[in-house]
Amino acid sequence: MGFVIEFVCPQCAQRFSAEAVQTYCQRCQSPILARYDLEQMARSVTPPVIRQRKRGLWRWEEFLPVKDRQWQISLGEGDTPLLPLPSLGKKLGLRHLYLKDEAQNPTACFKARGLAVTLSRHLELGLRHFRLATAGNAGGALAAYAARASAQLRQAGQVCIAHIYMPRSAPLANRIEVQWSGADLHLVDGLISDAAQQAAQDAQPYEGTPQSWFDLSTFKEPYRVEGKKTMGLELAEQFDYQLPDVILYPTGGGTGLIGMWKAFDELEQMGWIDTKRPRMISVQASGCAPIVQAFEAGAERAQAWQNAFTLATGLCVPKPFADRLILNVIRQSNGAALAVEDQEIQLAQQELAQLEGIFAAPEGAATLAALKKMVENRQISSEEKVVLFNTASGVKYIW
Ligand SMILES: *Cc1c(COP(=O)(O)O)cnc(C)c1O
């Protein structure tokens with residue numbers, strides 16, 4: 001494998017080597033994105049070949065940055081079901097309503113995709129010490145994959161250490177899954193932004209040493225988005241390479257939205273899909289909706305949200321680092337950004353459970369709450385293919 005040519009800053013087009021450890025574009029304070037040799041990839045693999053492979057995210061290995069298969073750390077992530085929602089569809093007057101159920105990933109959350117890929121690649125690049133600021137679920141995923149990788153590394157007398165910083169108010173499940181996996185858990189007063197500050201401070205003494213703590217926080221490195229991209233690849237395959245009309249996605253840091261959009265671009269350039277794109281609907285909680293605010297204001301960047309609070313903890317990101325890219329995807333796709341109240345989220349959680357048997361995370365249920373508004377406002381027609389994303393299991397939020 002090895003189809004990554006380089007990384008590119010989407011703001012200034014500066015290029016970065018794919019062979020060295022990379023972070024982000026310091027000059028633009030922007031994430032950088034991997035560019036693949038798509039012509040070569042199109043000659044190496046076809047949709048039927050991918051379809052026949054063993055289930056899981058790694059069957060898209062040509063689209064992923066890990067070179068040597070021995071570094072593909074796995075807990076069986078990916079290939080989550082695309083469930084039809086007939087009862088809800090009927091209630092809302094939509095004939096083709098689906099839910100991609102990311103709760104069926106390891107750690108019961110889609111964060112597994114990004115962390116599996118970025119950890120695999122950074123281990124391949126020789127790193128062993130990591131830090132991460134998280135609202136909760138990314139920490140759980142990193143802790144799990146670090147433990148999984150350590151089992152393999154131990155044979156070579158090595159270990160993989162994850163320093164995880166999360167708000168003290170994070171769901172109990174997140175705190176316990178991190179601790180019991182043997183990761184180094186730090187609970188911080190405040191939000192994910194405060195956790196990031198504390199992590200950076202604690203990492204300082206190790207900087208420049210072989211034990212340096214590499215930052216795996218959202219978009220501070222270019223590989224998590226590659227893992228999240230597989231949601232878009234799977235969705236394309238599940239729809240026989242004819243993309244749906246509307247995707248509703250709960251947006252925190254924006255990796256899912258940006259990753260899926262990147263997947264669609266790559267598939268088009270390889271000739272696997274045509275130019276038709278879904279409208280990308282970014283769903284946030286009204287207690288923390290910086291993207292919705294920026295979208296409505298026609299702004300290029302989001303402003304830091306003050307006094308953020310929502311029970312959908314994964315959406316409690318007051319200032320997404322990739323704000324410009326998120327807003328670009330929404331606008332390029334002719335999409336929208338919508339905020340929903342926590343109360344509406346809880347109601348939607350119950351509706352999904354009662355009418356479809358899906359116990360969704362509040363973030364996932366938020367997409368149903370937003371869909372109801374769009375239907376009311378006639379922003380979706382009855383024949384359109386609509387996909388909701390449930391990003392985690394409701395079980396992770398019982399505390
Ligand atoms: C992190 C998280 C989100 C937000 O994801 P992004 O792709 O980073 O915007 C949504 N839902 C859940 C459950 C999460 O853990």
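The values are calculated or read from the model by the stated rules, or taken from the named source; none is laboratory data. For clarity, every value in this text was computed on a predicted model and none was experimentally measured. Neighbour counts are summed over all protein chains in view; Cβ atoms, including those assigned to glycine, are modelled from backbone coordinates with ideal geometry.
The table below lists the values:
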| read-out | value |
| --- | --- |
| Complete set of residues in the stretch 311-322 that are away from the ligand (no atom under 11 Å from the Cβ) and either among the basic types (Lys, Arg) or buried (at least 22 other Cβ atoms within 10 Å of the Cβ) (or both) | 319 |
| Helices (runs of 4 or more DSSP H) fully within the stretch 164-279 counting 1 or more residues that are within 13 Å of the ligand (Cβ to nearest atom), among the charged types (D, E, K, R) and modelled with pLDDT of 95 or more | 172-180, 224-238, 255-269 |
| Any hit, the stretch 283-291, residues being touching a Cys at 6+ places or on another chain (Cβ under 9 Å), under 22 Å from residue 231 (Cβ atoms) and either crowded, with 24+ Cβ neighbours inside 10 Å or modelled with pLDDT under 95 (or both) | yes |
| Residue satisfying condition, being farther than 14 Å from residue 227 by Cβ, of a type in the set (A, V, I, L, M, F, W, C), surrounded by fewer than 24 Cβ atoms within 10 Å (Cβ to Cβ) and in contact (Cβ under 8 Å) with a residue 24 or more places away in the chain, within set 108, 146, 135 | 108 |
| Test: residue in the stretch 211-221 that is touching a Phe, Trp or Tyr at 6+ places or on another chain (Cβ under 9 Å), within 25 Å of residue 368 (Cβ to Cβ), surrounded by fewer than 24 Cβ atoms within 10 Å (Cβ to Cβ) and in contact (Cβ under 8 Å) with a residue 40 or more places away in the chain | no |
| Extreme residue, farthest from residue 231 (Cα to Cα), among residues of the stretch 368-394 that are touching a helix residue (DSSP H, G or I) at 6+ places or on another chain (Cβ under 8 Å) and among the hydroxyl-bearing types (Ser, Thr, Tyr) | 393 |
| Flag if residue 152 is away from the ligand (no atom under 16 Å from the Cβ) and out of contact with any strand residue (DSSP E or B) (no Cβ under 8 Å at 6 or more places or on another chain) | yes |
| Hits in the stretch 381-392 - residues which are of a type outside the set (A, V, I, L, M, F, W, C) and near the ligand (Cβ under 9 Å from one of its atoms) | 390, 391 |
| Test for residue 366: is it of a type in the set (A, V, I, L, M, F, W, C), within 19 Å of the chain's Cα centre (by Cα) and away from the ligand (no atom under 14 Å from the Cβ) | no |
| Boolean, residue 342 is out of contact with any Leu (no Cβ under 9 Å at 6 or more places or on another chain) and within 16 Å of the ligand (Cβ to nearest atom) | no |
